[in-house]
Structures are given as structure tokens and as C-alpha cells.
Amino acid sequence: MEYTKPAVAQAHNVYIITETNIKCKEKFEKIIKIIDEKRKSIDFLTDGAVVKVNDYKYRDELGYTEKFPKYAMAYKFEAEEVTTTLIDVLWQVGRTGKLTPLGIVEPVELAGATVKKATLNNYGDILRKNVKIGARVLIRRSNEVIPEILGATDVSGATDVIKPEVCPFCKTPLVEDGANLFCPNFDCRPRVIANLTNFAKKDCMNIDGFSEATAGMLFDKFKIDRFSMLYKITKAELLSLEGFKDKKAENLLNAIEKSKNVSYKSFIYALGIDGVGKKTAGDLAKKFKTLSDLETATVDDLLSIDEVGEVIAENVCNYFNDEQNLSEITALINAGVKIEYGDATVSEGGAFSGERVVLTG
């Protein structure tokens, strides 16, 4: 399907449907309707169709993000919706301390799955949707994956969801920031476990075999709550954990040892700075050539990066102005962690040198 790209839109990489493209638009809508009907008779779940620019010149001009091409867009079909009763609301604490409400509902079949839990964004979302304990609520699977509560359909006899004042795990008084509630305690169990798990994941320190369950056991039994403490774990300690035998313990220790050699951008990502994901970590590593450069960067220095806004810039500065964080980085270096600077992803030679390889399926 071809779309005209007017000169006025070129600077913004926007494709605009003009009068000359009305027939094309009508054809697109017709095809989408056909796909929507046919998908109901196939034996696997579908949630949409992908629309792509078919002119390769424009594809190259639009480019890519870290994960997706900018010339393609997912068109989502209308999700199936059902009603059920909200039994309770549990509060989960994430890596940054943010509390997220989780609705416990009477089991209901939805889009090929039995749904027992559904997400709510924050307490403000609960009020806006008039969600109450015991109410009939409308839910759908967002993008056919995540069950989400859309709102209440009947609140007769229901009771209000109580806004928590202390963390449900560590009982620390909560901090309200905008629409969200936060636990400010860095030593709160779910925060520690989430941070350790994030530190060890593939795109960070890549500690193969380290799971959320392992992080929980290490925290509960040995009070391991800092990244650097992972490099002091002994085989005897691992063997005392449920599910760990000789081979599994050896494999994890080897993975921890291997993780000591880490690329600069992966190390930045592993630190868990609020708002700094894989893409931003790469941008920071490209702009500030060493960790020392990044540690001394000002907000203005950080804002010179196109993809970095004021919130992330302040988060990065605040992180490196915290003596406890700097002490932890020093402890990691002293534990043997070596940061590899430069682009370690480019290699010369090899069997596929000069070739372009395409993997499908």
C-alpha cells in the first residue's frame, strides 16, 4: 500500500493520507475487516495485523528504534471484553518502589485463557474507573495478553478500595508522587529482589541461571541486598538453598565469574537507574566515554542527548550524587568487575564476514 509523504512532513518522518490516497485507505480498511473476520475461524489467537510502508526508500529514511522499525505499525483488533466480580486488590512493589494495584477477580474465560487477576495502574485509576471490592467489573486482555480492568458496571453493595498509607511489605510510610504511591525504603524485600534480578538479566550483567526465586532465597537466608554481594557467594551457601545441587551451584558460580567482564552500556543498564533502559544506557555510553565522565555529567550535559529528557537527566545525576551508589560501584570494581569500553559488538573476520544473514521463522 503506497502513501504520499508530503515535503512538510519529511522532517518529522510522518506519512499523511491525502486525497490521492483515499482509495488506498478504503482498500486498507476493507482488508483489515477481512482479516478480522477470518481470524475468528483459525485455531490460534491473533490480536492484530502489521501495516508497513512498502517503499524501501522511505523505509530507510524512517529508520529504526532500539527494538522496532519506524516504517511498520501494529493495527490492533478490538479486544474481547467480559464482566466478573472483583474479590480483592493487592498492592505490588516494583524495583523503583512504585506500588501497582492488582485486582483479584472471580475466574472467567477470556480470549482463550482463564483470568484470575487483572491490572490497575494506580490508586487514581481505581477512583477514575469507580472500581470497588465486590463490584462487577469489565475486563479485557490488553493486546490479547495482559488482563486489564476497564471499569465497574455494577457497584451495588460494593466497598471502597482502601488507599494504603504504609508499604504492604516493610510497613514504611508511603510517598505520593503524582498519581503514584512509592515505598522509599531501598531495603524493602520486593525492591531488593527486583533490583538483583534486573542486575543479573541478559542485557545487563548476563548472569545465566540467576532468577527472581534465587534472589529471594539469597535475600531471605543471607541478607544479600547489594549487587556486589553476589560476587562473594560461596558454593556452600548455594547448596543450602532449596533446589540447588552440585551442578546447579557450579553453573551459577561460573556465570557470576563470567559476568565480571561486562560492556560499558550493559553495566550502566545493570545499575537500575530509574528511567534508564537498554536504549538510553547505550546513548549514555556513546556520549560519555568512561564511567567517570558519566559520574560527573551535569543535567545540561545529559540533555544534549536527543533521547534524554529532564526527568531522566535528573535521575542520572541524582544516582551519581548518592554516596551509597558510588560506594556500591566501587565495591563492584573491587570485586573484580571489569568494564569494557568501546564498541565490543563489532568483530572482524569470521565465517560470515562480509555476508548478510537473514533468520526467519
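The values are calculated or read from the model by the stated rules, or taken from the named source; none is laboratory data. Only a predicted model underlies this, so the values are computations on that prediction, with no experimental measurement involved. All Cβ positions, even for glycine, are placed from backbone atoms using ideal geometry, and neighbour counts span all protein chains on display. SASA here: full protein model, heavy atoms, side chains in, ligands and nucleic acids out. Shrake-Rupley method; radii C 1.70, N 1.55, O 1.52, S 1.80 Å.
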Quiz item: Looking only at region 93-114, which residues are surrounded by 14 or more Cβ atoms within 10 Å (Cβ to Cβ) and polar (S, T, N, Q)?
Solution: THR96, THR100
Quiz item: Which one of these is modelled with pLDDT of 95 or more and touching an Asp or Glu at 6+ places or on another chain (Cβ under 6 Å): ALA270, ALA255?
Solution: ALA255
Quiz item: Can you find even one residue in region 67-89 that is among the hydroxyl-bearing types (Ser, Thr, Tyr), part of a strand (DSSP E or B) and modelled with pLDDT under 90?
Solution: yes
Self-check item: Residues satisfying the stated conditions in region 151-165, i.e. open to solvent by less than 40 Å² (accessible area, probe 1.4 Å) and not in a strand (DSSP E or B)
Solution: ALA158, VAL161, PRO164
Practice problem: Tell me which residues, restricted to region 197-227, are closer than 19 Å to THR172 by Cβ and in contact with a Phe, Trp or Tyr (Cβ under 9 Å, 6 or more places away or on another chain). | Solution: ASP225
Self-check item: helices (runs of 4 or more DSSP H) contained entirely in region 271-348, each with at least 2 residues that are on the phi > 0 side of the Ramachandran plot, without any contact (Cβ under 8 Å) to a residue 40 or more places away in the chain and small (Gly, Ala, Ser)
Solution: none
Quiz prompt | Extreme residue, farthest from ILE339 (Cα to Cα), among residues of region 265-277 that are in contact with a helix residue (DSSP H, G or I) (Cβ under 6 Å, 6 or more places away or on another chain) and open to solvent by less than 10 Å² (accessible area, probe 1.4 Å) | solution = ILE273
Quiz prompt | Count of residues meeting criterion [open to solvent by less than 20 Å² (accessible area, probe 1.4 Å) and outside any helix (DSSP H, G or I)] in region 211-232 | solution = 1
Quiz item: Picking from LYS40, LYS33, LYS57, LYS27, which residue would you name as being under 26 Å from LYS117 (Cα atoms), in a helix (DSSP H, G or I) and either in contact with a strand residue (DSSP E or B) (Cβ under 6 Å, 6 or more places away or on another chain) or open to solvent by 90 Å² or more (accessible area, probe 1.4 Å) (or both)?
Solution: LYS40
Quiz item: For ASN185, all conditions in the list (1) over 30 Å from LEU252 (Cβ atoms); (2) polar (S, T, N, Q); (3) touching a residue at least 24 places away in the same chain (Cβ under 8 Å) hold save one; what is the number of the exception?
Solution: (1)
Practice problem: Determine, yes or no, whether TYR3 is of a type outside the set (Lys, Arg), closer than 30 Å to GLY277 by Cβ and either loosely packed, with under 11 Cβ neighbours inside 10 Å or at pLDDT below 85 (or both). | Solution: no
Quiz item: Only one of THR280, THR296 is among the β-branched types (Val, Ile, Thr) and surrounded by fewer than 19 Cβ atoms within 10 Å (Cβ to Cβ); which?
Solution: THR296
Self-check item: Filter result (open to solvent by less than 50 Å² (accessible area, probe 1.4 Å) and part of a loop (DSSP other than H, G, I, E, B)) within region 188-205
Solution: CYS188, CYS204, MET205
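How many residues does region 268-307 hold that are of a type in the set (Asp, Glu) and over 18 Å from the mean Cα position of the chain (by Cα)?
Final tally of qualifying residues: 5.
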Quiz item: Just for region 61-85: of the residues that are surrounded by 13 or more Cβ atoms within 10 Å (Cβ to Cβ) and of a type in the set (Val, Ile, Thr), which one is farthest from GLY157 (Cα to Cα)?
Solution: VAL82
Quiz item: With respect to the numbered conditions (1) in a helix (DSSP H, G or I); (2) open to solvent by 10 Å² or more (accessible area, probe 1.4 Å), which one is the sole condition not fulfilled by ASP208?
Solution: (1)
Quiz item: Considering region 221-269 alone, what residues qualify as being hydroxyl-bearing (Ser, Thr, Tyr) and more than 30 Å from LYS289 (Cα to Cα)?
Solution: THR234, SER240
Self-check item: One residue from GLU176, GLU242, GLU257 being touching a helix residue (DSSP H, G or I) at 6+ places or on another chain (Cβ under 7 Å) and open to solvent by 10 Å² or more (accessible area, probe 1.4 Å)
Solution: GLU242
Quiz item: If we scan region 130-150, do we find a residue that is open to solvent by 80 Å² or more (accessible area, probe 1.4 Å), in contact with a helix residue (DSSP H, G or I) (Cβ under 8 Å, 6 or more places away or on another chain) and in a loop (DSSP other than H, G, I, E, B)?
Solution: no
Exercise. Inspect all residues belonging to region 167-187 and state whether any of them is part of a loop (DSSP other than H, G, I, E, B), aliphatic (A, V, I, L, M) and at pLDDT 95 or above.
Key: yes
